[in-house]
Amino acid sequence: MTKRILSCMQPTAHLHLGNYLGALKNWVDLQNDGAQCLYGVVDLHAITVAYDHTHLKQATREIAAAYIAGGVDPSKSTLFVQSSVPEHSQLMWLLGTMTQLGKLERMTQFKDKAGKDKERASMGLFSYPVLMAADILLYQATHVPVGEDQKQHLELAREIASTFNHRYDAEFFTVPEPIIKGEGARVMSLRDGNAKMSKSAESDMSRINLTDDPDAIVKKFRKAKTDSEPVPESIENMNSRPEAKNLITIYAVLAETSPEAVINEFGGQGFGTFKAALSDLAVDKLAPITKRMNELMGDTDELDNILAAGARSAREIASPVLDEVTTIMGFWK
């Protein structure tokens, strides 16, 4: 059976280097390995917390442009916007009727985002994992790339699929398997080697945005936090120095080599020399992506046509699945 892979991102702020190395680059590899890939911009998830409604449409386009610029090929993969496929919301309601409140209350991401005042959190934030389960099960995805922060949500999707199959005595939903991301999955902040690079971090200096020009990239790497020692000369020494490990990891993934090879080349040298080489490498790799993004954002008609076609393709899969779910559940038609 051909793998069917689903992976998505929210249209919240600019995508950064961590998103590219930890997700987009892997998506392109999966696409080129012959899997059937569906890549979504999940705008319904983005509205579960406070957001700028005047910017949502443009932010959605920007994320889609980043997908394409990063190598996602609309002729090989289905690229769609979640809200343009209404079956997502419809299936979420049906799945919500068989999802236990206790499981949702234990979701780490809900507890983190709701904080101490969870009584004031929205139902959307609380039921976010059910919508994510609907995103996955709607396409009968066999595999889902996940990082540490999404493992719990995928496990819930697996449980919901099994619950449905058992309750209705129908081996209908595919129980999705995780694809654990590789070395580039955890790109850390340029200001704190123990914190993941984030779109929501207060300091823009903590991340390399895919929209940054070469001067900004050079400046951010030059000012990236390091310790007073030279570049590590061993993996053991690197692993005990989070900021050094982060920069070496970024270099290794961008250069498609190993941390050991980076250490062999730069170990013992000053970070000034290494940061200059890292900046040159990053500019070389990211400049074509930024250029293509700017082209797509400058011609939103082309981008909108790609997304409209993607929505049609996504619904060709989603609509029959939802139709069969409602039949199994006994609804009048």
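The values are calculated or read from the model by the stated rules, or taken from the named source; none is laboratory data. These figures come from a predicted structure and were not determined experimentally. Here Cβ is always computed from backbone atoms with ideal geometry, including for glycine, and neighbour counts include all displayed protein chains.
Check the range 192-200 and report whether any residue there is part of a helix (DSSP H, G or I) and touching a strand residue (DSSP E or B) at 6+ places or on another chain (Cβ under 9 Å). Break it down stepwise before answering.
Residues of the range 192-200 part of a helix (DSSP H, G or I): none.
No, the range 192-200 has no match at all.
In the range 92-117, the qualifying residues are those that are β-branched (Val, Ile, Thr) and surrounded by fewer than 18 Cβ atoms within 10 Å (Cβ to Cβ), and the one that is nearest to the chain's Cα centre (by Cα) is Thr108. The combined condition, being among the polar types (S, T, N, Q) and part of a loop (DSSP other than H, G, I, E, B), is not fulfilled by Ser162.
Do the conditions hold for Arg292, that is, is it of a type in the set (Lys, Arg) and farther than 30 Å from Ala141 by Cα?
Details: of a type in the set (Lys, Arg): yes; farther than 30 Å from Ala141 by Cα: no.
Answer is no for this residue.
For the range 150-158, the count of residues that are modelled with pLDDT of 95 or more, touching a Leu at 6+ places or on another chain (Cβ under 6 Å) and either surrounded by 19 or more Cβ atoms within 10 Å (Cβ to Cβ) or polar (S, T, N, Q) (or both) is zero. Might you let me know whether the range 31-39 holds any residue that is over 15 Å from the mean Cα position of the chain (by Cα), under 23 Å from Pro320 (Cβ atoms) and assigned by TED's automatic domain parsing to the domain that holds Pro145? Yes, that holds for at least one residue.
I'd like to know if the range 175-191 contains one or more residues that are outside any loop (DSSP other than H, G, I, E, B), of a type outside the set (Gly, Ala, Ser), within 30 Å of Ala69 (Cα to Cα) and touching a Ser or Thr at 6+ places or on another chain (Cβ under 7 Å). Can you show your working first?
Pass one, the range 175-191, residues outside any loop (DSSP other than H, G, I, E, B): 177-180, 183-185, 188.
So of that shortlist, the ones also of a type outside the set (Gly, Ala, Ser) come out as 177-180, 183, 188.
If we keep only those that are within 30 Å of Ala69 (Cα to Cα) as well, we get 177-180, 183, 188.
From what's left, touching a Ser or Thr at 6+ places or on another chain (Cβ under 7 Å): 177, 183.
Yes; the residues of the range 175-191 include at least one that is outside any loop (DSSP other than H, G, I, E, B), of a type outside the set (Gly, Ala, Ser), within 30 Å of Ala69 (Cα to Cα) and touching a Ser or Thr at 6+ places or on another chain (Cβ under 7 Å).
For Glu62, all conditions in the list (1) assigned to a loop (DSSP other than H, G, I, E, B); (2) crowded, with 19+ Cβ neighbours inside 10 Å; (3) not aliphatic (A, V, I, L, M) hold save one; what is the number of the exception? Looking at each condition in turn, Glu62 falls short on (1).
From the list Ser127, Ser89, Ser83, which one is closer than 16 Å to Arg315 by Cβ and surrounded by 16 or more Cβ atoms within 10 Å (Cβ to Cβ)? Can you show your working first?
Numbers: Ser127 fails: closer than 16 Å to Arg315 by Cβ; Ser89 fails: surrounded by 16 or more Cβ atoms within 10 Å (Cβ to Cβ).
Of the residues listed, the single one that is closer than 16 Å to Arg315 by Cβ and surrounded by 16 or more Cβ atoms within 10 Å (Cβ to Cβ) is Ser83.
Is the range 149-158 home to any residue that is of a type outside the set (S, T, N, Q) and touching a residue at least 60 places away in the same chain (Cβ under 8 Å)? No - not one qualifying residue is present in the range 149-158.
Taking the range 135-162 as the range and being under 25 Å from Thr326 (Cβ atoms) and touching a Ser or Thr at 6+ places or on another chain (Cβ under 8 Å) as the test, the residues that pass are Leu137, Gln140, Ala141, Thr142, Val144, Leu156, Ile160, Ala161. Please tell me if Gly267 is farther than 25 Å from Ile160 by Cβ, free of Cβ contacts under 8 Å to residues at least 40 places away in the same chain and surrounded by 14 or more Cβ atoms within 10 Å (Cβ to Cβ). Considered against the rule, which asks whether it is farther than 25 Å from Ile160 by Cβ, free of Cβ contacts under 8 Å to residues at least 40 places away in the same chain and surrounded by 14 or more Cβ atoms within 10 Å (Cβ to Cβ), Gly267 comes out as yes.
Looking only at the range 294-317, decide whether some residue is more than 21 Å from the chain's Cα centre (by Cα) and outside any helix (DSSP H, G or I). Yes. Restricting attention to the range 202-249 and to residues that are part of a loop (DSSP other than H, G, I, E, B) and of a type in the set (Val, Ile, Thr), the residue that is surrounded by the most Cβ atoms within 10 Å (Cβ to Cβ) turns out to be Ile208.
Taking the range 39-59 as the search range and keeping residues that are among the small types (Gly, Ala, Ser) and part of a helix (DSSP H, G or I), which one is farthest from Leu24 (Cα to Cα)?
So the first thing to find is which residues in the range 39-59 are among the small types (Gly, Ala, Ser), and the list is 40, 46, 50, 59.
Restricting the remaining residues to those that are part of a helix (DSSP H, G or I) gives 46, 59.
Details: Ala46: 19, Ala59: 17 Å.
Out of the qualifying residues, it is Ala46.
Any residue that is within 16 Å of Met9 (Cα to Cα), crowded, with 16+ Cβ neighbours inside 10 Å, touching a residue at least 12 places away in the same chain (Cβ under 8 Å) and among the small types (Gly, Ala, Ser) - is there at least one of those in the range 28-37? Among the residues of the range 28-37, not one is within 16 Å of Met9 (Cα to Cα), crowded, with 16+ Cβ neighbours inside 10 Å, touching a residue at least 12 places away in the same chain (Cβ under 8 Å) and among the small types (Gly, Ala, Ser), which makes the answer no. Residues in the range 147-167 that are β-branched (Val, Ile, Thr) and closer than 13 Å to Pro129 by Cβ: Ile160 alone. When we screen Ala35, Ala64 for residues that are in contact with a Lys or Arg (Cβ under 7 Å, 6 or more places away or on another chain) and closer than 30 Å to Ala309 by Cβ, the only hit is Ala35.
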